[in-house]
1. Quickly run through the range 295-323 and pick out the residues that are under 23 Å from the mean Cα position of the chain (by Cα), of a type in the set (Asp, Glu) and more than 20 Å from Ala14 (Cβ to Cβ).
2. Do you know which of the residues in the range 244-291 that are near the ligand (Cβ under 7 Å from one of its atoms) and β-branched (Val, Ile, Thr) is farthest from Ala43 (Cα to Cα)?
3. Please give the helices (runs of 4 or more DSSP H) falling wholly within the range 311-399 in which 3 or more residues are exposed (fewer than 13 other Cβ atoms within 10 Å of the Cβ).
4. Just give me the residues in the range 138-157 being touching a helix residue (DSSP H, G or I) at 6+ places or on another chain (Cβ under 9 Å) and polar (S, T, N, Q), in sequence order.
5. Quickly run through the range 194-209 and pick out the residues that are part of a strand (DSSP E or B) and in contact with a helix residue (DSSP H, G or I) (Cβ under 7 Å, 6 or more places away or on another chain).
6. Scan the range 99-122 and report the pairs whose first residue is of a type in the set (Gly, Ala, Ser) and whose second residue is more than 14 Å from the ligand (Cβ to nearest atom), with Cβ atoms within less than 7 Å and a gap of 6+ or a chain change.
7. Which of (1) away from the ligand (no atom under 14 Å from the Cβ); (2) assigned to a strand (DSSP E or B); (3) modelled with pLDDT of 95 or more is the odd one out, the single condition Glu231 does not satisfy?
8. I'm checking my understanding of the structure. Among residues of the range 190-220 that are hydroxyl-bearing (Ser, Thr, Tyr) and crowded, with 24+ Cβ neighbours inside 10 Å, which one is nearest to Glu79 (Cα to Cα)?
Amino acid sequence: MEPVLVVGASVGGATAAETLARAGVPVVMLERDTSRIKPCGGAVPPVAFDEFDLPESLIARKVHHALVHSPSERTVEIEVAGISRSNDDYIAMCCREVFDSYLRQRAVQHGATLIEGQLTDLVFDGAGVTATFRERFGGARQQIRASAVIGADGAYSTTAKLLGLPNLPRCVAIQERIRLPAAKMARWEDTADLYLGAEVSPDLYAWAFPKSDHVAIGIGTGPAHSKRARELLANLKRRLHADLEGGEVLLEEAHALPMQPRQHMAFERAMLIGDAAGLVVNTSGEGIYWAMKSGKMAAETLVASLPDVSLAALRRYERQWWKSYGTMYRFLVWLQKWGYGNPRQMEVFTDMCRNQDVQRLTFESYMHKTMTPVPWLAQVRMTADIIAAQVRHYLPRRRTQQPAVA
Ligand SMILES: Cc1cc2nc3c(=O)[nH]c(=O)nc-3n(C[C@H](O)[C@H](O)[C@H](O)COP(=O)(O)OP(=O)(O)OC[C@H]3O[C@@H](n4cnc5c(N)ncnc54)[C@H](O)[C@@H]3O)c2cc1C
């Protein structure tokens with residue numbers, strides 16, 4: 001049997017390749033450069049560790065609290081806890097060089113072949129697909145014959161381009177890893193921070209995600225402001241000046257994130273997963289879990305359909321994805337526009353984060369990836385709080401009363 005070709009051996013590609021290899025399907029992972037570290041905040045929900053059987057050694061730090069800072073520096077502290085509390089209530093902070101290489105090696109251990117090279121061309125015919133790639137070492141052009149292709153090659157997906165698909169709208173995210181003196185690091189011992197405000201991100205948010213020996217400070221912003229990314233990061237560092245004093249920049253990293261999922265992710269003999277399919281969540285920029293989940297789902301669809309790799313067979317992946325997650329994506333697209341629309345709305349968003357029902361439901365769905373039905377009393381409480389915050393921040397400011405002149 002001809003192998004399945006997986007383009008890109010990061011979180012999504014390695015998960016797809018491992019799923020295929022475990023099912024006995026021959027698979028080749030083609031990765032442009034295994035030494036490159038994927039720019040990333042590295043926040044991963046606990047469900048990923050259970051679902052993909054990941055060891056805790058991949059976690060650089062577990063955090064149990066989140067701080068949300070409004071544009072006017074009002075701060076809300078939130079405990080990381082779902083609807084029913086458990087020991088599994090945390091956010092895992094991971095370093096991608098460790099995380100990705102573990103997944104890649106595990107796929108190889110299960111039988112996937114790893115080739116270092118850059119995909120440059122795909123030619124589909126009735127019997128399969130011929131892929132051309134440039135070897136990483138030496139640059140020789142090589143070809144490989146495959147039964148089908150999974151495009152796991154990220155936000156600038158060559159696979160998507162070669163399938164004739166348009167670019168997705170992208171935001172840009174930039175971060176610095178900063179090593180801090182131990183006394184300063186204590187500030188982030190058990191906390192990840194989100195910062196809102198036009199000066200750090202006019203349309204998304206900025207973050208401080210601690211790892212074992214450093215804190216990753218970053219900002220994300222949409223296409224309208226992407227040229228200002230460095231300036232926004234500098235503003236964030238100014239805002240955190242006292243907390244970062246004495247720090248040493250270890251690494252600066254930047255990359256694009258897709259802002260919109262592709263309507264179609266399955267084609268004749270080809271599927272797209274992860275960032276290549278635009279499966280990042282708008283509100284949070286979360287993409288690691290979704291790349292792994294889509295990689296697994298796409299590979300399982302292939303395993304169930306092979307040797308049939310027709311469009312009808314592969315579309316099952318796409319249908320299953322949208323049936324499971326369509327509502328969640330639509331809600332979060334709306335939430336991003338509503339919550340990060342302008343500085344006043346960011347203040348309303350911060351107030352909304354004070355509501356305990358909002359906190360529990362947000363972390364329940366983040367940590368466990370389940371859409372939980374909301375009890376009616378909680379719905380009433382949340383709606384009332386949101387309306388009150390909306391009114392508070394949009395009412396004209398009251399003037400100080402002047403004493404009447406006699
Ligand atoms: C600054 C920043 C912070 C982020 N923070 C978080 C976070 O905290 N939590 C979270 O969940 N998500 C975060 N994300 C998003 C997350 O990084 C991505 O959603 C995730 O990495 C997508 O995985 P993927 O496997 O689809 O693609 P990628 O991880 O982008 O991997 C694509 C792979 O394909 C390879 N490739 C590309 N082109 C070719 C080619 N032509 N031939 C061969 N190989 C190729 C690349 O080298 C790469 O290894 C962040 C993103 C950025 C930019």
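1. Glu318
2. It comes out as Ile273.
3. Fully inside the range 311-399 and qualifying: 311-339, 376-394.
4. Within the range 138-157, Ser147, Ser157 meet the criteria.
5. Answer for the range 194-209, where residues must be part of a strand (DSSP E or B) and in contact with a helix residue (DSSP H, G or I) (Cβ under 7 Å, 6 or more places away or on another chain): Tyr195, Leu196, Gly197, Ser201, Pro202, Asp203, Ala206, Ala208.
6. Ala107/Ala21; Gly111/Ala21; Ala112/Ala21; Ala112/Val27
7. (2)
8. Tyr195
The values are calculated or read from the model by the stated rules, or taken from the named source; none is laboratory data. Because the structure is predicted, anything quoted here is derived from the model rather than measured. Here the Cβ is made from the backbone with ideal geometry for all residues, glycine too, and neighbour counts use every protein chain on show.
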